[in-house]
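Chemist: Encoded as structure tokens, here's the structure I'll be asking about.
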Amino acid sequence: MKTAVPCYYHLDVEVSPERVRQVRRILAAHLRFWNLENLVEPVCSGAEMLLRAIDEHASDKNTSIEMWWNHQHLITAVAGNDHALRPDQDLRTCLQHLAAHSDGWGCCATGTGAKVIWFSRRARSAERVPLVARSPEPITQEGLEVPREIMPVARLARPAVGVLEEAR
């Protein structure tokens, strides 16, 4: 059975209008590397909206962005360090956009007072590996015994003469 190895990416950035475009390209490159081309636009637009809102409303521009891919769900989290930033007031339009364009989302505070906004998208990996017939590999262990000869059905249907005589 082939098991999926989860993927993780972390980026610390000081938000500015120029950096928002760069972060979008970086996130898109990682999604393409993970064969998630179909998620580039929704994930990057959601992260871009959050970064632009942090740039506009937050006094502390240091932000962390994380992505987790477990081969079923992609979770993207944006953490801002500004203690005064209120997601329910300052980021209302971003949260409405995330709610409309994601499978799940949420907001929480960390122990240090930072705010983390996350959203998830469900997808299948676009990994397309062609099936190729493989030639048999030689056995490195000792040879196996040859299976017993299978008796034809007609021989099994009539009882052997010796068996009837022994039964009497």
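Chemist: If you stretched the chain out fully between Gln96 and Leu11, how much longer would it get, using 0.36 nm times the residue separation minus the C-alpha to C-alpha distance?
Modeler: 28.2 nm
Chemist: Continuing with this model, one more query. Starting from the 7 Å offset along Cα-to-Cβ, what nm value, one decimal, do you get for the label separation of Glu41 and His83?
Modeler: Computed distance between label sites Glu41 and His83 equals 4.2 nm.
Chemist: Let's test the formula: R0 of 41 Å, r as the Cβ-Cβ distance of Glu56 and Phe33. What FRET efficiency results, to the nearest 0.05?
Modeler: Plugging the Cβ-Cβ distance into 1/(1 + (r/R0)^6) gives 0.85.
Chemist: At 10 °C and a viscosity of 1.306 mPa s, what translational diffusion coefficient does Stokes-Einstein give for the stretch 32-71, taking Rh as the Kirkwood radius over Cα pairs? Give it in µm²/s as a whole number.
Modeler: Rounded, D is 136 µm²/s.
Chemist: Between Arg21 and Asp103, what FRET efficiency follows from the Cβ-Cβ distance if R0 is 25 Å, with the result rounded to 0.05?
Modeler: With a Förster radius of 25 Å, E is 0.45.
Read-outs: derived from the displayed coordinates by stated rules, not from any lab. Computed from a predicted structure; not experimentally measured. We place every Cβ from the backbone using ideal geometry, glycine too, and count neighbours over all the protein chains shown.
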